[in-house]
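The values are calculated or read from the model by the stated rules, or taken from the named source; none is laboratory data. Not measured: the values here are computed from a predicted model. Positions of Cβ are backbone-derived with ideal geometry, glycine not excepted, and every protein chain shown enters the neighbour counts. When the accessible area is computed, the model is the full protein with side chains, heavy atoms only, and any ligands, DNA or RNA have been set aside. Shrake-Rupley method; radii C 1.70, N 1.55, O 1.52, S 1.80 Å.
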Amino acid sequence: MSKKILLTSVCRPMGPKYGDASSVGYELLYRQVTRAQGIFSPRTVNIHFSLEYIAENLDAPTVVLQYPSKRELIRELKKGYDYVGISFLMAVMHKMKDTVALIRRYAPQSKIVLGGYGTVLKDEVLKPYADYICREEGVAFFRRLLGEPEIPMPYKHPLIVSWLKVFGWKVSGTGKIFAGLGCPNGCDFCCTSHFFSRKHIKLLPEGKDIYAVVERYLDMDPNLVFLILDEDFLLNKKRAMAFRDCVMKGGKKLSIFAFSSIKAISQYTVEEILEMGIDGFWIGYEGTRSNYAKQQGRPIQEILTEFREHGITILASMIVGFDYQNQEVVAQELEGLMKLKPALAQFLIYGPVPSTPFYERIIKENLLQDVYTKDMDLFYRRADGFRTMIKHPTLSPEEIERIQSWCFDEDFQRLGPSIFRVLEGRLLGYQKLKNSPNPFLRQKAEYYATELRVAYPVFLAGRLLGPNAAVRRWIGDLQRRMHAELGRPAFAEEFKSVLGVGAALWTGLTLKLDLFQHPSLIRTTYRMPDKRWSAFHLWEEIPHKVSIPNLSIQVELQHARKQVWLRLEGALSSAHAEGLGQRIHDSLARSKSRLVLDLQKLHWDKVDDLRPLREKLAAYRSRIRLIVPKLSAAHPELILLASMFQHYRG
């Protein structure tokens with residue numbers, strides 16, 4: 001009998017109000033990057049993606065919980081699981097302990113697996129709370145633990161979308177692309193690099209693998225933007241350029257945010273980067289004298305200026321607390337960064353994380369603050385980048401923390417809200433690229449123009465509620481420049497601007513009163529049969545049981561949406577359509593699954609008669625949604641299919 005698996009994050013509520021460090025919560029932007037920007041901070045909940053990724057790639061029935069309450073976790077534990085996995089970071093180790101206590105009380109038969117970057121701590125620290133500890137790529141670890149056969153990369157890729165909100169309004173959906181783990185750069189403070197021993201694990205080994213995931217997301221929602229999760233995506237030039245080739249061949253407008261270094265970026269022209277669809281980067285500015293290998297290459301001033309002129313959003317991260325820094329040096333480094341006008345900026349305190357060379361030096365030289373030497377639990381709880389953990393040559397802990405806070409405030413007060421800084425960059429990019437001889441760059445300019453037009457309604461709130469008079473004037477000037485370039489707002493946009501002020505004030509009230517600041521439980525089942533979602537094997541067997549020359553059949557079980565996605569690519573004759581239709585009919589008859597039938601890549605020039613397919617599926621038309629291509633001339637079979645089945649709309 002198959003084992004049952006439960007994978008979970010630690011329990012909510014989280015945040016400083018509940019005894020956590022100041023940056024601990026559910027949101028990277030609001031809690032960390034844009035923490036000083038209040039109502040203007042973009043909001044998005046960051047789930048533990050790794051849990052969904054692992055669950056997607058196991059054979060065993062699995063349930064994933066994202067941010068359960070203690071009551072919700074207890075209710076789930078009582079259903080009985082063979083293994084319970086917990087993903088955690090070092091700063092929430094105390095919450096991990098609470099979660100373990102609940103498991104041992106309500107599911108004593110369950111084996112506990114600890115995973116995530118919190119497992120940088122040694123066995124002697126973690127073993128009291130775990131039966132197993134995962135310190136490697138999670139899919140391979142769990143399959144080995146469960147006795148499931150090894151599978152090759154690329155693994156199955158779950159489709160995970162997060163929503164970015166401004167003033168509580170949904171602005172964009174972001175599809176997460178898991179391209180790799182680890183980083184060979186090996187910066188002395190970097191946990192993610194040293195966790196994997198400075199090795200890079202390519203979850204999506206080739207450029208075409210990354211683009212295939214992009215296409216799946218776009219089939220689901222053509223308006224999605226993308227985040228590529230890979231520590232230094234552009235470092236592998238062969239893979240990146242192969243991805244660019246796929247993007248250019250596909251011809252679709254893409255908007256991608258990625259992580260990369262000056263060293264990696266210096267291998268490319270800005271045109272090549274835009275042709276990949278990338279229009280946003282997280283780049284380590286760190287410090288002017290930090291001298292990390294990843295900072296070698298073109299001058300960062302040159303790159304950030306060029307990127308901004310081409311509409312590329314930059315999130316620059318700076319470190320406070322290097323040995324060489326004092327208040328004057330930090331002020332000089334901040335001044336240099338402010339002149340480059342990054343759209344977003346992060347300032348973290350130089351902190352020692354176990355497993356990194358910096359931590360080893362701090363311990364060897366007895367530079368850890370005495371309070372943490374005496375109380376390691378306090379060290380774990382406060383290790384979030386906003387507390388000074390070490391003895392600095394010239395600055396006290398309080399001075400470093402005050403300087404960090406000053407950096408965040410200066411960034412906001414001088415450059416204004418990040419949402420408008422992004423828009424100014426897009427406007428510059430539109431002006432730069434709109435008349436480019438390169439059709440892909442003109443296409444990018446069109447994308448920027450669409451983004452800018454959608455953003456018209458946020459400007460009134462910025463002009464009224466911006467942090468100071470200078471910033472409010474700048475927002476007004478930016479609005480006038482946009483109107484001059486793209487046209488005056490329509491009445492509906494003017495009306496929505498008024499609503500935007502109300503939404504901004506409401507956002508401020510909810511922040512002040514701590515209302516609606518915690519996400520609800522997200523529970524996703526994988527291969528757990530229920531009345532509407534079962535008979536998985538029937539669908540998975542179709543590509544193996546139906547063999548048709550020149551036709552590729554791909555089946556994807558989308559567990560989060562409880563639907564089957566079936567793609568047909570190639571040629572399909574009338575004779576073969578009947579057999580395929582019968583197999584799909586039988587699967588629908590023996591399950592209650594919803595089916596998305598993707599026909600975009602059928603060779604329609606070779607399709608003559610799909611009547612057998614239509615007839616076999618007619619009885620289940622209420623559970624079937626179609627995706628069909630836009631052809632220059634309407635194909636008669638397309639017309640018949642469209643008249644019988646509803647179109648998929650995401």
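Below, the figures for the structure above:
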quantity: The stretch 403-423 residues that are open to solvent by less than 10 Å² (accessible area, probe 1.4 Å), paired with ones that are outside any helix (DSSP H, G or I) and hydroxyl-bearing (Ser, Thr, Tyr) (beta carbon under 7 Å, 6 or more apart); calculated: Ser418/Thr34
quantity: Residue match in the stretch 16-36 (condition: under 19 Å from Ile160 (Cα atoms), of a type outside the set (D, E, K, R) and assigned to a helix (DSSP H, G or I)); calculated: yes
quantity: Candidate set: the stretch 40-71, residues that are within 30 Å of Val501 (Cβ to Cβ) and touching a helix residue (DSSP H, G or I) at 6+ places or on another chain (Cβ under 8 Å); chosen: the one surrounded by the most Cβ atoms within 10 Å (Cβ to Cβ); calculated: Phe40
quantity: Top-ranked residue of the stretch 477-499 - restricted to ones that are over 32 Å from the mean Cα position of the chain (by Cα) and open to solvent by 80 Å² or more (accessible area, probe 1.4 Å), ranked as farthest from Lys170 (Cα to Cα); calculated: Ala484
quantity: Residue match in the stretch 455-465 (condition: open to solvent by less than 70 Å² (accessible area, probe 1.4 Å), under 24 Å from Arg31 (Cα atoms) and in contact with a Leu (Cβ under 6 Å, 6 or more places away or on another chain)); calculated: yes
quantity: Single residue of the stretch 559-590 satisfying the filter (crowded, with 18+ Cβ neighbours inside 10 Å and within 29 Å of the chain's Cα centre (by Cα)) that is modelled with the lowest pLDDT; calculated: Ala560
quantity: Yes/no for Gly287 being on the phi > 0 side of the Ramachandran plot, of a type outside the set (Phe, Trp, Tyr) and touching a residue at least 40 places away in the same chain (Cβ under 8 Å); calculated: no
quantity: Candidate set: the stretch 267-297, residues that are among the acidic types (Asp, Glu) and part of a strand (DSSP E or B); chosen: the one nearest to Ser193 (Cα to Cα); calculated: Glu286
quantity: Flag for Thr192 being within 29 Å of Gln295 (Cβ to Cβ) and either touching an Asp or Glu at 6+ places or on another chain (Cβ under 8 Å) or basic (Lys, Arg) (or both); calculated: yes
quantity: The stretch 495-537, residues that are closer than 30 Å to Ala589 by Cβ, in contact (Cβ under 8 Å) with a residue 24 or more places away in the chain and among the charged types (D, E, K, R); calculated: Arg523, Arg527, Lys531, Arg532
quantity: Every pair of residues 6+ apart whose Cβ atoms lie under 6 Å, when the first sits in the stretch 634-650 and is on the phi > 0 side of the Ramachandran plot while the second is in a helix (DSSP H, G or I) and modelled with pLDDT of 85 or more; calculated: Gly650/Met220
quantity: Qualifying residue in the stretch 446-454 (condition: hydroxyl-bearing (Ser, Thr, Tyr) and within 17 Å of Val501 (Cα to Cα)); calculated: no
quantity: Residues satisfying the stated conditions in the stretch 619-640, i.e. modelled with pLDDT under 90, over 21 Å from Glu215 (Cβ atoms) and part of a helix (DSSP H, G or I); calculated: Pro636, Glu637, Ile639, Leu640
quantity: Which listed residue is in a loop (DSSP other than H, G, I, E, B) and among the β-branched types (Val, Ile, Thr), from Ile86, Ile151, Ile112; calculated: Ile151
quantity: Every residue from the stretch 16-31 that is of a type outside the set (D, E, K, R), farther than 11 Å from Val92 by Cβ and surrounded by fewer than 20 Cβ atoms within 10 Å (Cβ to Cβ); calculated: Pro16, Ser22, Leu28, Leu29
quantity: Test: residue in the stretch 131-145 that is of a type in the set (Ser, Thr, Tyr) and either touching a residue at least 60 places away in the same chain (Cβ under 8 Å) or open to solvent by less than 60 Å² (accessible area, probe 1.4 Å) (or both); calculated: no
quantity: Which listed residue is surrounded by fewer than 18 Cβ atoms within 10 Å (Cβ to Cβ) and either touching a helix residue (DSSP H, G or I) at 6+ places or on another chain (Cβ under 9 Å) or of a type in the set (Gly, Ala, Ser) (or both), from Leu395, Leu367; calculated: Leu367
quantity: First in the stretch 428-448 and of a type outside the set (A, V, I, L, M), second anywhere and at pLDDT below 95 and not in a loop (DSSP other than H, G, I, E, B), Cβ under 6 Å, 6 or more apart; calculated: none
quantity: Check on Trp474, touching a Gly at 6+ places or on another chain (Cβ under 8 Å), of a type outside the set (S, T, N, Q) and open to solvent by 60 Å² or more (accessible area, probe 1.4 Å); calculated: no
quantity: Strands (runs of 3 or more DSSP E) contained entirely in the stretch 156-266, each with at least 1 residues that are open to solvent by 30 Å² or more (accessible area, probe 1.4 Å), within 19 Å of Gly280 (Cβ to Cβ) and free of Cβ contacts under 8 Å to residues at least 12 places away in the same chain; calculated: 169-178
